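The values are calculated or read from the model by the stated rules, or taken from the named source; none is laboratory data. Worth saying up front: this structure is predicted, and the values here are computed from it rather than measured. When we count neighbours, we look across all protein chains shown, and the Cβ atoms used for this are built from the backbone with ideal geometry, even at glycine.
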């Protein structure tokens, strides 16, 4: 028997014996109770399969038709506020007005044109035609009025009395009932109330000047040996000064009478009462009137004044004499220093300026230039608007920055420009200009038949100056003729 078979028999026998033993045990006597069983608690960790639920999003590309809206930016502009410089209401649509100025071109062409352009933005639709007239201004204007073609807006000289002259002839538009109080308040009261005729105003005050004496120090100081600080403070000191200058330099005084408004000069310089309170009698042949005229008669007799300048009706004649270097001093405004510099640059370095002498009235002076409107203009509101616009605070300020003139509007002086320290001679009075201009006043009463009366007075003055007619007689004869006009 081989070894494998022997192993199988032995293993089978053993198994049979084991089964028999188990069987006998089960069939034998009952077994005794088992001892107290010991319960062993065992934590059995049963592995738990956790199924994590996962949401699977199936992505699907969906093509959606797209409507493209073209966006348009719409700019909504707010309604423009009223232009603050447009203060005259009811300006006629499509109005066309003409403006005449006096001796401003070509120096101030840019200023005039830019102001007109600004005006047309404030008053759309108004057309402005501008002309500048110079030496022939008065003749041109008188001829234009005679032909019915006078300009709508006119630059008139207050200092020469042109406003009251044309107003008394009924050629200018009265302003008081045409302009609101707010507009009137833009101007210094003394300037608004200048050149009144029968208590009515006919002008918008424009640019003003300070009366100064331009002094040629080469003659006045270097040759005559005079001191600038000793220049006369009052008009009655001029005769002695002129006598000294002639004796030491042979130079004549460059003094000019206001031939277009002699009664006014009498009032300011001589303190003359030229007409009675009731306006019915002229009184300029009084002792004060005679003394005023005699002062000039004495200077002519002494040969100390240039006679061609003394009675000229062209203010540039005296300026030209001074600019040529042939006069020791000349009374004018700082604004005209530019002409001296242009005509004789070499003289500019010898220039000095002092306040002009004050007359017996004690009033420093009256206004210089104005803008008036003709009485029969086709477009009264547009013409008023143009005249007021050129004289408003902004326009005045801009003009002052170009030349040594001074605004008629208090608000203009609030600009720092007027507080700046002056450098040029023509700017020397700038810091005190407002105080001076604010005190300007027209102290001349309304003169009936003013232009005719002035012609009578001019003839009397010339007779006394050049024809040896006594001053008293000349003025008394003039009063008689002037009173005859009042009786008509």
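Condition check ((1) at pLDDT below 95; (2) farther than 30 Å from residue 215 by Cα; (3) within 23 Å of the chain's Cα centre (by Cα); (4) not in a strand (DSSP E or B)) across all residues:
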residue: 336; (1), (2), (3), (4): yes, no, yes, yes
residue: 340; (1), (2), (3), (4): yes, no, no, yes
residue: 363; (1), (2), (3), (4): yes, no, no, yes
residue: 381; (1), (2), (3), (4): no, yes, yes, yes
residue: 384; (1), (2), (3), (4): no, yes, yes, yes
residue: 387; (1), (2), (3), (4): no, yes, yes, yes
residue: 396; (1), (2), (3), (4): no, no, yes, yes
* To do: For the range 308-316, state whether one or more residues are surrounded by 16 or more Cβ atoms within 10 Å (Cβ to Cβ), touching a helix residue (DSSP H, G or I) at 6+ places or on another chain (Cβ under 6 Å) and closer than 21 Å to residue 247 by Cβ.
  => yes
* So which of 252, 263, 293 is more than 23 Å from residue 362 (Cα to Cα), touching a helix residue (DSSP H, G or I) at 6+ places or on another chain (Cβ under 9 Å), at pLDDT 95 or above and buried (at least 22 other Cβ atoms within 10 Å of the Cβ)? -> 252
* Looking at residue 442, is it more than 22 Å from residue 112 (Cα to Cα), modelled with pLDDT of 95 or more and assigned to a loop (DSSP other than H, G, I, E, B)? -> no
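Residue-by-condition table, conditions (1) buried (at least 22 other Cβ atoms within 10 Å of the Cβ); (2) in the same structural domain as residue 155 (by TED's automatic domain parsing); (3) touching a helix residue (DSSP H, G or I) at 6+ places or on another chain (Cβ under 9 Å):
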| residue | (1), (2), (3) |
| --- | --- |
| 376 | no, yes, no |
| 381 | no, yes, no |
| 386 | yes, yes, yes |
| 394 | no, yes, yes |
| 398 | no, yes, yes |
| 432 | no, yes, no |
| 452 | no, no, yes |
* Any residue at all in the range 446-460 that is on the phi > 0 side of the Ramachandran plot and at pLDDT below 95? -> yes
* Check whether at least one residue in the range 411-423 is out of contact with any strand residue (DSSP E or B) (no Cβ under 6 Å at 6 or more places or on another chain), at negative phi, crowded, with 16+ Cβ neighbours inside 10 Å and touching a residue at least 40 places away in the same chain (Cβ under 8 Å), and report yes or no. => no
* Given the structure, is residue 488 surrounded by fewer than 15 Cβ atoms within 10 Å (Cβ to Cβ), within 27 Å of residue 201 (Cα to Cα) and without any contact (Cβ under 8 Å) to a residue 40 or more places away in the chain? -> yes
* Asked: For residue 238, are the conditions met, namely being more than 23 Å from the chain's Cα centre (by Cα), part of a helix (DSSP H, G or I) and surrounded by 19 or more Cβ atoms within 10 Å (Cβ to Cβ)?
  -> yes
